[in-house]
1. Assuming residue 64 fulfils every condition listed in (1) surrounded by 13 or more Cβ atoms within 10 Å (Cβ to Cβ); (2) more than 19 Å from residue 149 (Cα to Cα) apart from one, which condition is it?
2. With the requirement that a residue be open to solvent by 90 Å² or more (accessible area, probe 1.4 Å) and under 12 Å from residue 103 (Cβ atoms), what does the stretch 125-135 give you?
3. Failed condition for residue 99, given (1) touching a helix residue (DSSP H, G or I) at 6+ places or on another chain (Cβ under 7 Å); (2) over 18 Å from residue 48 (Cβ atoms); (3) more than 11 Å from the ligand (Cβ to nearest atom); (4) not aliphatic (A, V, I, L, M), with all others met?
4. Can you tell me which of (1) under 24 Å from residue 133 (Cβ atoms); (2) aliphatic (A, V, I, L, M); (3) under 15 Å from the mean Cα position of the chain (by Cα) is the one residue 85 doesn't meet?
5. Looking at residue 70 and the list (1) within 23 Å of residue 34 (Cα to Cα); (2) exposed (fewer than 15 other Cβ atoms within 10 Å of the Cβ), which single condition is not satisfied?
6. Across the stretch 106-124, what is the number of residues that are near the ligand (Cβ under 8 Å from one of its atoms) and surrounded by fewer than 19 Cβ atoms within 10 Å (Cβ to Cβ)?
7. Could you list, in sequence order, the residues of the stretch 157-187 that are near the ligand (Cβ under 10 Å from one of its atoms) and of a type in the set (D, E, K, R)?
8. What's the number of the only condition in (1) out of contact with any Ser or Thr (no Cβ under 9 Å at 6 or more places or on another chain); (2) among the aliphatic types (A, V, I, L, M); (3) in a strand (DSSP E or B) that residue 77 fails to meet?
Amino acid sequence: MTAPGLEILLTEEEIESTVARLAAELSTRFTDGVVLAGLLRGSVPFLSDLVRAITIRPLIDFIAITPYAPNTGRVRMLKDLDIDIVGRDVVIVEDIVDTGLTTAFIHGELSRRSPRRVCVCTFVDRPARRVVPVELDHVGIEIPDRFVIGYGLDHEGRYRNLRVLASAAPEVLAEDPDAYVGALYPA
Ligand code: IMP
């Protein structure tokens, strides 16, 4: 595969074994059941694999948030959970934790609803750009300060359905959002 700035960080097999490990962690920890709260839209492939790999009985729900205004760092809820989480164990399921602002916001919102516990399970952790300290209970992979695509992670809506996790060059994508299509979606 030749494309400037593109590097596969996790292959399909590596993703599978990472999800299996996280599923085993959750299955051991939440034997009484758990609410998995997926963050739309990036967590969808991960959550979908995770729920089929865990051996406990989960309830599945989704949250969507949106920035108040670009670059303010402040967010608001666009879609809330439908499930009542009082007295329940809840796991926020995320594609990536970057600045931590999203996680901190959702954790704060859900914690106010008298759940038993709120934990965080993220497929990717990129601590280099953290703005708010957040506790991550279950982490798939920690990566350096690189922009990533695939396995739910997008650039302008593209690349979410890739079965790999790849790092990409933001300057290449800024010039052409489809720059990696040829390399990542071979005909
Ligand atoms: P936060 O900065 O931790 O609040 O992350 C906000 C959201 O930005 C994540 O849930 C992702 O959807 C998105 N995001 C952050 N870093 C990346 C990336 O490298 N690729 C694609 N999306 C990202």
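The values are calculated or read from the model by the stated rules, or taken from the named source; none is laboratory data. Nothing here was measured: the structure is a model prediction, and the numbers come from that model. Because the Cβ atoms are built from the backbone with ideal geometry, glycine has one as well, and the counts that use them run over all protein chains shown. Ligands, DNA and RNA are stripped out before the accessible areas are found, and what is left, the full protein with its side chains, is counted by its heavy atoms. Shrake-Rupley method; radii C 1.70, N 1.55, O 1.52, S 1.80 Å.
1. It fails just one condition, (1).
2. 131, 133, 135
3. Status for residue 99: all satisfied but (3).
4. Only one criterion in (1) under 24 Å from residue 133 (Cβ atoms); (2) aliphatic (A, V, I, L, M); (3) under 15 Å from the mean Cα position of the chain (by Cα) is unmet by residue 85, namely (3).
5. Of (1) within 23 Å of residue 34 (Cα to Cα); (2) exposed (fewer than 15 other Cβ atoms within 10 Å of the Cβ), only one is false for residue 70: (1).
6. Of the residues in that region, 0 qualify.
7. Of everything in the stretch 157-187, just one residue is near the ligand (Cβ under 10 Å from one of its atoms) and of a type in the set (D, E, K, R), namely 160.
8. Single failed check for residue 77: (1).
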